[in-house]
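Data first, discussion second: the structure below is written as structure tokens.
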Amino acid sequence: MGMLDGKVALVTGASRGIGRAIALELGKHGASVVVNYRERKEQADEVVHEIKKMGSKAIAIQADVTKPEQVDAMVGQVVKELGQVYILVNNAGTTADRTLRRMSKEEWLKVIDTNLNGVFYVTSRVVQSLEAGGGGHIIMLSSIIGEMGNAGLVNYGSTKAALIGFTKSAAQELVRFNILVNAVAPGFIETDMIVNLPDEARQTLLDKTPMRRFGRPEEVATMVRYLVTEGTYITGQVFNINGGMYM
Ligand code: NAP
């Protein structure tokens, strides 16, 4: 028996990177996993296939988290096909790096819309399901950038800092429904978000990291799984997974 047998977990942006690793980790422990994605259907289907091979249920659902009507349809489908949600992982995120002097309104809004408004649309909708099921967990993907900042990332850093405020406020509001809300704040993790940076930028990030290596998506997933299986007295907290960076 897995610790999450029969529990429904919705992971946004689970077609690749950290979201994929979280979906697999929760599936490994018995959760019925919803693999949300925006456009990479093939990769999302592959994650579903991997989870099913481990003996757990999984479905892939396309929904853009910036579109409330798509979010509503997704959550409706989840409840109908799998039951009430027990774990929500707000993982979907994006970047549009540019110095403040050159950043366009579109680059600002794209990141705010996905990383912050999207979290609001998904969370406010899923809370009804968490409550109906008797409680559960919400995990946010914040970032070291939300805590210490980085040149060229005012849009991204603003959203990731905002998620810490979101986490702490929602935790206080939802505790009476037995819903625990926490955030993880990864450092630099080896995913498309980092792989696609120029070599010089990658080296700068490594130089900032005491452990002198990028983290693996699985190292973030382990913390998320711990919080949703063992974190019975933890809410409103932020957990750093960053190879030793110190703020
Ligand atoms: P990634 O490899 O770029 O993957 C992003 C995921 O989000 C994909 O599954 C993508 O779906 C999905 N997505 C993007 N926009 C979406 C939207 N509007 N609606 C639904 N899904 C959407 O990212 P990652 O590096 O794994 O990062 C995952 C999370 O961790 C993000 O919130 C990121 O900010 C945070 N984080 C990452 C790092 C890092 O170093 N990598 C560090 C700290 C925090 P498609 O594949 O279909 O496009």
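Please go through region 165-195 and pick out each residue that is under 21 Å from I241 (Cβ atoms) and loosely packed, with under 13 Cβ neighbours inside 10 Å.
Of all residues in region 165-195, those under 21 Å from I241 (Cβ atoms) come to 165-168, 170-171, 180-195.
Result: G165, D192, V195.
I'd like to check which helices (runs of 4 or more DSSP H) are fully inside region 181-247 and have at least 3 residues that are out of contact with any Lys or Arg (no Cβ under 6 Å at 6 or more places or on another chain), more than 15 Å from the ligand (Cβ to nearest atom) and touching a residue at least 60 places away in the same chain (Cβ under 8 Å). Talk me through it step by step, then tell me what you get.
Details: elements: 192-195, 199-207, 217-230.
Output list reads 217-230.
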Take region 116-151 and flag every residue that is assigned to a helix (DSSP H, G or I), of a type in the set (A, V, I, L, M, F, W, C) and under 23 Å from Q62 (Cα atoms). L116, V119, F120, V122, V126, V127, L130
For residues that are more than 12 Å from the ligand (Cβ to nearest atom) and touching a Phe, Trp or Tyr at 6+ places or on another chain (Cβ under 6 Å), tally how many sit in region 136-171. 1
Among (1) in contact with a helix residue (DSSP H, G or I) (Cβ under 8 Å, 6 or more places away or on another chain); (2) more than 16 Å from the ligand (Cβ to nearest atom); (3) more than 26 Å from L10 (Cα to Cα), which single condition is L174 missing? (3)
Evaluation of I145 against (1) of a type outside the set (K, R); (2) free of Cβ contacts under 8 Å to residues at least 24 places away in the same chain; (3) more than 28 Å from E219 (Cβ to Cβ) (one fails), failing number: (3)
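Every number in this text was worked out from the coordinates using simple rules, so none of it is lab data. Since the structure is predicted, the reported quantities are computational estimates derived from the model, not experimental observations. So basically every Cβ, Gly included, is an ideal-geometry build from the backbone, and we count neighbours across all protein chains shown.
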